[in-house]
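Here the structure comes first, spelled out in structure tokens, and everything after it is commentary.
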Amino acid sequence: MKFKGETVFGSGVVNGELVVYREPLSFLGDVDGKNGIIRTINASIAGKVLVIPSSRGSTVGPYVMYQLSKYGKAPLVILSVKADTMLIIGAIMAQIPIMTNLPKEVLNLRSGVMARVDLDRGEVYVDEP
């Protein structure tokens, strides 16, 4: 399965396990910046491919994203259906590659499945049964 999006920040190819969060993610309230855990589902995003519809919350969110990076708990890449300004700023501050404008069907993917993200082409490849 292939999905087309738009790379906002980052380059190269990233391979990793998906963590799919189907609700808008608040980095301030939902994410533990020191441990890289999404509190509401008790799932680690450290070294994973994070899939979200969008983010929500305050201007503190980018600092939590930076904290993830500082403690080595950042996702490999963030894939979003619609990235707002705070999500983009946070990704750039934290040096986390980010792709947006993906079709909402990416939210139907399952966590734990492996994905290949080609940031240069703006493409996501998933082998899901």
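The values are calculated or read from the model by the stated rules, or taken from the named source; none is laboratory data. Here the structure is a predicted model, which is why all the values come from computation and not from measurement. So basically every Cβ, Gly included, is an ideal-geometry build from the backbone, and we count neighbours across all protein chains shown.
The rows are residues; the columns are (1) closer than 21 Å to ARG121 by Cβ; (2) without any contact (Cβ under 8 Å) to a residue 40 or more places away in the chain.
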| residue | (1), (2) |
| --- | --- |
| ASN42 | no, yes |
| ILE45 | no, yes |
| PRO62 | no, yes |
| LEU76 | yes, no |
| LYS82 | yes, yes |
| ILE89 | no, yes |
| ALA94 | no, yes |
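Which count do you get for residues in the stretch 70-86 that are closer than 18 Å to ASN15 by Cα and either surrounded by fewer than 24 Cβ atoms within 10 Å (Cβ to Cβ) or among the charged types (D, E, K, R) (or both)? Explain how you work it out, then say what you get.
Start the filter on the stretch 70-86 by keeping residues that are closer than 18 Å to ASN15 by Cα, which leaves 72-80.
Cutting the leftovers down to either surrounded by fewer than 24 Cβ atoms within 10 Å (Cβ to Cβ) or among the charged types (D, E, K, R) (or both) gives us 72-73, 76.
Matching residues across the stretch 70-86 total 3.
Within the stretch 49-67, track down each residue that is surrounded by 23 or more Cβ atoms within 10 Å (Cβ to Cβ) and either over 17 Å from PHE9 (Cα atoms) or small (Gly, Ala, Ser) (or both).
Correct list: SER55, GLY61.
I'd like the residue in the stretch 84-107 that is touching an Asp or Glu at 6+ places or on another chain (Cβ under 9 Å) and not in a strand (DSSP E or B) and, out of all such residues, is farthest from ILE41 (Cα to Cα). Explain how you work it out, then say what you get.
Keep residues of the stretch 84-107 that are touching an Asp or Glu at 6+ places or on another chain (Cβ under 9 Å), which gives 99-102.
From what is left, the residues that are not in a strand (DSSP E or B) are 101-102.
On the way: ASN101: 24, LEU102: 23 Å.
Among those residues, the one meeting the criterion is ASN101.
Just to verify a result, which residue in the stretch 50-65, among those that are in contact with a Pro (Cβ under 8 Å, 6 or more places away or on another chain) and either hydrophobic (A, V, I, L, M, F, W, C) or assigned to a loop (DSSP other than H, G, I, E, B) (or both), is modelled with the lowest pLDDT?
As a first pass, look at the stretch 50-65 and keep what is in contact with a Pro (Cβ under 8 Å, 6 or more places away or on another chain): 50, 52-56.
Keeping just the survivors that are either hydrophobic (A, V, I, L, M, F, W, C) or assigned to a loop (DSSP other than H, G, I, E, B) (or both) gives 50, 52-54, 56.
Working: LEU50: 98, ILE52: 98, PRO53: 98, SER54: 97, ARG56: 94.
Per the criteria, the residue is ARG56.
Checking the conditions here, which among GLY10, GLY33 is under 23 Å from ASP127 (Cβ atoms), crowded, with 19+ Cβ neighbours inside 10 Å and of a type outside the set (A, V, I, L, M, F, W, C)? Explain how you work it out, then say what you get.
Numbers: GLY33 fails: under 23 Å from ASP127 (Cβ atoms).
It is GLY10.
Return yes when SER111 is of a type in the set (Ser, Thr, Tyr), farther than 17 Å from GLU6 by Cα, surrounded by fewer than 19 Cβ atoms within 10 Å (Cβ to Cβ) and without any contact (Cβ under 8 Å) to a residue 60 or more places away in the chain and no when it is not.
Details: of a type in the set (Ser, Thr, Tyr): yes; farther than 17 Å from GLU6 by Cα: yes; surrounded by fewer than 19 Cβ atoms within 10 Å (Cβ to Cβ): yes; without any contact (Cβ under 8 Å) to a residue 60 or more places away in the chain: no.
Spelling it out, it is not the case that SER111 is of a type in the set (Ser, Thr, Tyr), farther than 17 Å from GLU6 by Cα, surrounded by fewer than 19 Cβ atoms within 10 Å (Cβ to Cβ) and without any contact (Cβ under 8 Å) to a residue 60 or more places away in the chain.
Since TYR125 meets every condition but one in (1) over 12 Å from the mean Cα position of the chain (by Cα); (2) buried (at least 23 other Cβ atoms within 10 Å of the Cβ); (3) closer than 12 Å to VAL14 by Cα, which condition does it not meet?
(2)
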